[in-house]
Every structure is written in structure tokens, then in C-alpha cells.
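Notes follow the structure.
Where a number appears in this text, it was derived from the coordinates with a stated rule and is not lab data. All values reported here derive from a predicted model rather than from experimental measurement. Cβ atoms come from the backbone with ideal geometry, glycine included; neighbour counts cover every protein chain shown.
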Ligand SMILES: Nc1ncnc2c1ncn2[C@@H]1O[C@H](COP(=O)(O)OP(=O)(O)OP(=O)(O)O)[C@@H](O)[C@H]1O
Ligand SMILES: [Mg+2]
């Protein structure tokens, strides 16, 4: 067996025999995927529910708009009480030609929506009743917008995050433990090149990342969650490799500075958690203040996330890889260079 | 070519300081090919530092090291397949079994996987082949570590306290292993705290203290050169101190709670005189050892 293969095998065995690492690399991020996936799986009906009292053409027209969910009440007192209690945002009371909208002052947005729709319907009916041909017409067309179903958004983000965990922890902990246990010194005395040792470790990390990709996407595609991959999803593979290298480099840097596994875990967490939140792992960064978005551009995870979203669920092609790849490669080279400079064989 | 074989190790005036502390303070020695060389000394004497400088793991502040005619520093890939090193603190891959450790280390040297089992057999660990390294006992781990140093059949073996933590049986087994390696023409450089062991195993020993070599020679030569008295120990009560002092050739006699110790440089006549008096029951003769050499060199008792 070549040194390269046996070192890789040794590391894979060490990895598979360590329950803690397996947990943090696979189960822990998967838990987030499952919990968030279930929490957001049914965003509920987008329609606002209002109460109605009475009947007549106005209510039928309202029904036909499809924009509101109507709940019928026998008398206006009960319906009003619902509004007072905060159970309904508004009630429409129709009495002959008279249409009254009672709304809760607390929810201005819902009230605005309801009043807008009711007024629209009533105006239109007035025009028809008056026999005046409409002078302005509105034509509404629906388009597929860029906002995504939660599982579509969550899967690429949580996968990238999980890969950052396995990349950073994998390289940092191997380095610290090998240095502490003198394996590094012992390897230094064997006729095997540093490149062999390094590339075998990188290969194990890349393999882990691919395994994570398969597991996470498979789970997210279960009918329960309903992830749908878009056309060129396999473009995620190069991103996955480049991302792993960037996180591996961070791990090397952490490993160079930390003397114990505990310190390395702490430092790795300290880097990964803020990075995950600021890179849009759990919620879109677009909603964050501008300065935070600027900060997030400094993280490789942000770019990996963007690229993953584009190719996995947004149906973008190879052009979407350009920027993320460039950033990840530059990041790997810079951090890798620094890590090589501060690398120590022994304490 | 002069015709003479190059020595396995030449260390010339090597020095290494850690801040104020002179860990190695001008050490020179030569180890011939096929020689069994021991470095002895108490804790902190500088044995490990010396060994690691020779192996090429550390850089000496000053001084020259030549290993098989080559400079081991900076890392010299030509030398690496020819040297085998057991570090003082054992170094193993995480979560691998004894057999896997040997296979992995072996593969770094391009050694076949079958070799692992031969090595396990050699150090008596075949029944522990599938046990993970962290579940081995201290002595078993030590033996595995030695096996890892020998897996690629190196020409020079460096062992840092290989017999520490071994039980007497394992220690004797290891002696046999080391002797067999030497019999195959390999060079062994090792450190130990056990002076008696070094006396048995080594062709030559260097006694180190505080970063310096105090004496270096064959153990027997060192002991003989000492001209130390032989101690004859008797059970207390068989003979009085005064009577013992009366025997010709006795230099001194000391009594403690359990025994009477007679010092002499002419043990033969003293022993026959004791035999005439019928006081040989439970008698012990202790000749001078490396411990006496150490005491003589430093003025301190040897504490391993
Ligand atoms: N990396 C280091 N930094 C600072 N001091 C060191 C270092 N390594 C060794 N020393 C010091 O150098 C001296 C010699 O250490 P060394 O390990 O060579 O002793 P030794 O003879 O092998 O002892 P032992 O029998 O305990 O193994 C000690 O006083 C030790 O504290
Ligand atoms: Mg030592």
C-alpha cells in the first residue's frame, strides 16, 4: 500500500471510529435541517381570514377574488367580538347596500389589505351598476420570483455550514492531536513528503464533504421536506471541493495556534458560529443591515452559500460558480500560506 | 575510500541550550557500525535531547552530527529509511489497532502489510493485534512503539528508554529482541535509567549528567577502572563487627538493623576466612556496578 493510501485509510478509520466527530459532522447539522425544515414546511395559507355578516353580491364578489378567506357569522355582535378579542383582523358587515368594515387597529397591514380589497370590489360594482365603461384597466400577471420555499433555501445553506464544520474541525483536530501525540514528529522521521501527508488529509475532508452532500440532499428530498434540485445541481461538486479546501486552511491555522483539542474545538466554534449566521445559513443575509452584509462578504461560507443556492435550487449555470470559486480559491491560498508559515511540528 | 568503515554515528561537541539551561553542553561520541551503545543518566541529564539531535529531529546550537556519513539536519530523506526511532513519549495514530498502527507506519516506508504481524509476534503482542492502541497497557504500548521503530528493518535503531514501564519478563524478552537485532549487524543507540541493564546489554555506555558526558567506555572497563571495593553482606548476628574487622583483607565493616556489610578489595581470602568460621549462610557478594561509577563521578547517589 502506498503511504498516501494508508495515511488516508488511517484517517478515515480514525474518523469513523470517533462517535463525537461523526455526530458533529452529520447528525448535528442534520438536526437543524430537520427541525427548520419541519417548522417552515407549511408556511400556511397566505390569505387573510376575515369574518362576514349577511350576504349579497358584494360578498360573492369578495369570495371570487380569492384573496381573502371568509368566515360567516350569523350576527354582527359575535363577529365584532372576534375582532375585539384579536382573533380576526377585520369583519365585513353587509346590510342591504351598506357595507361596513370593522378592523382591529393593532394590525394595520392586515387592515389595509382588507380595506383595499373590499373597496376595490365595491368600486368595481358601483361602476358596473352605473354602466360607465372603465377608463383605466389593470392587467396583473404572476411571475416566478427569486424568493424560495424554506427547504429550498435551507438545504444549500445548512450543507455549506456542515461542510465548514467538518473542514475546520477535521484539519484542526487532526493537526493538534497528531502534534500532541507526536505523530507529526514521527512522520517527519519517515521518508514521506509533507505533500503526501497534507493531500491525504485534504482528500479525506473532501470525501467527508461529498458524503455530507449526499446525505443532506437525500434527506431534504424526502417527500416530508420536498427539496427540488434544479437543472445543473452537479455544479455544486466543484464548489463543495473548493469550500472544503478553504475551511481546511482555516482549520490548519486554528491547529497551528492551539495546543489542545479542547482549545482547537473552542476556537473552531468561535469562528464557525458567527460565520454561519452572517453568511445566510439559517436566514437570508439580504434582510440584514448593509454593514453586516459587507462583513459577511469576508467569509468563505457566504460565497459558498451563494454559489450553492444558485446551482442547487435557483437553476443557474456554470457562470454562477465564477465569483464564489474565485473567492474560495483566493481565500484558500491566503490562509493556507499563513498556516504554512506558522505551522509547528511539535509544541 | 580509506578502507575503514564509516562509523554509524559521529557527534562532535554538540550543544543545545533552552534559555539559560544548557540541556546538552558539549557532547562528543562515536558509535561504530554494529555497536550497542547506551546513554545513561538521571532525569534531565540531556539524553533525549542528545538522541533527538542525532536523529535529526532537533537542531543543535553548535556542533556536528554525522549519521552513516550524512548530515541528518535539515531533514535528510536519504537517511530516513535507514534509521528507526522510538520516541520517549509514544506516538500513535488515533483509534487504530496495534496491527493497523504497524501497517500504517510500515507503509510510510513501503513495507508490506504482512510485516505487521511478524513485528507483533516479535514483541509478543500478536494476541493484542486487534486492540486499539489506547486500550493497551503502558508496557504493551511501549512494546508496540518499539515494533513501530523496527518495522522497516533500519540499519540504526534509536530507542529512548525502551524498557521503561516494562515488567521483568517483558524486559528480558526485549533484551533478546535487541540482541537479535544487533546480531544481524544493526547498530543500536538507546537510553536507559537502568544501570544494571546497560551493563548487560551495551558494548559501550556514556554516562551523562547535566548535559555532559562524564565517562564513556565498556561497562566492565568503567567498573574495573573504579577500583571500588567489593561488598560482602552477611546476616546480622553471625559475626560481630570487631571480629569482621579482624579478618585479613577487610577494609571496613558496617552494621545496620538486618545485616553486616564488609568492604574488601581482596574478596577471595576474605570469603575463605568467612567459610572457616561457618558464616556463609545467606551471604551475598556485591561487586562494584555502574552505580558506584556514577557515585564516584558525581559524588551523588544514582537516583533513576
Ligand atoms: N523543549 C524544551 N524546552 C525547554 N527545556 C527543555 C526542552 N526539552 C528539554 N528541556 C530541558 O532540557 C533538559 C534535558 O532534557 P532531556 O529531555 O534531554 O533529559 P533526559 O535525560 O532525556 O531526561 P529523562 O530521563 O527524564 O527523559 C531538561 O532539564 C529539560 O527540562
Ligand atoms: Mg528523556
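Compute the angle between helix A:150-180 and the longest alpha-carbon principal axis of chain A, please, reported from 0 to 90 degrees and rounded to the nearest 10.
With rounding to tens, the tilt is 20 degrees.
By per-residue mean of other Cβ atoms within 10 Å, what is the highest-first order of A:158-170, A:22-34?
So the order, starting with the most tightly packed, is A:158-170, A:22-34.
Within 10 Å of each Cβ in peptide A:259-266, how many partner chain Cβ atoms are there on average? Round it to a whole number, please. Write down the numbers at each step before the final one.
Numbers: counts 0, 0, 0, 0, 0, 0, 0, 0.
For peptide A:259-266, the averaged partner shielding equals 0.
If you line up the Cα atoms of segment A:258-347 on their principal axes, what length do they span on each, largest first, in Å?
Ordered largest first, segment A:258-347 gives principal extents of 48, 26, 23 Å.
Hey, could you pull the Cα Rg and Dmax for the protein assembly as shown, both in Å?
Just the Cα atoms of the protein assembly as shown yield Rg and Dmax of 40.6, 151 Å.
Return the average number of partner chain Cβ atoms within 10 angstrom of each residue Cβ along peptide B:108-119.
Numbers: counts 12, 4, 5, 1, 1, 2, 0, 0, 0, 0, 0, 0.
Mean number of neighbouring Cβ atoms from other chains: 2.
Working out 0.36 nm times the residue gap between residue B:183 and residue B:298, then minus their Cα-Cα distance, what length gain in nm do you get to one decimal?
Gain on extension, residue B:183 to residue B:298, equals 38.0 nm.
Determine the shielding of peptide A:185-197 by partner chains: average, over its residues, the number of Cβ atoms on other chains within 10 angstrom of each Cβ.
The per-residue average across the peptide is 6.
What are the radius of gyration and Dmax of chain A, computed over its Cα atoms and given in Å?
Just the Cα atoms of chain A yield Rg and Dmax of 28.7, 98 Å.
Kirkwood-based Rg over Rh for chain B (C-alpha set), two decimals?
On the way: Rg = 22.9 Å, Rh = 21.5 Å.
Ratio of gyration radius to Kirkwood radius: 1.06.
At q = 0.09, 0.15, 0.18 Å⁻¹, what log₁₀ I(q)/I(0) does a Debye calculation on the Cα points of segment B:158-304 give, no solvent, two decimals?
Ignoring solvent entirely, the Cα scatterers give -0.39, -0.88, -1.05.
Give the angle, between 0 and 90 degrees and rounded to the nearest 10, that separates the Cα long axis of helix A:261-278 from the longest principal axis of the Cα atoms of chain A.
Roughly 30 degrees between the two axes.
In degrees from 0 to 90, rounded to the nearest 10, what is the angle of the helix A:108-130 Cα long axis to the longest principal axis of chain A?
Once rounded, the angle reads 40 degrees.
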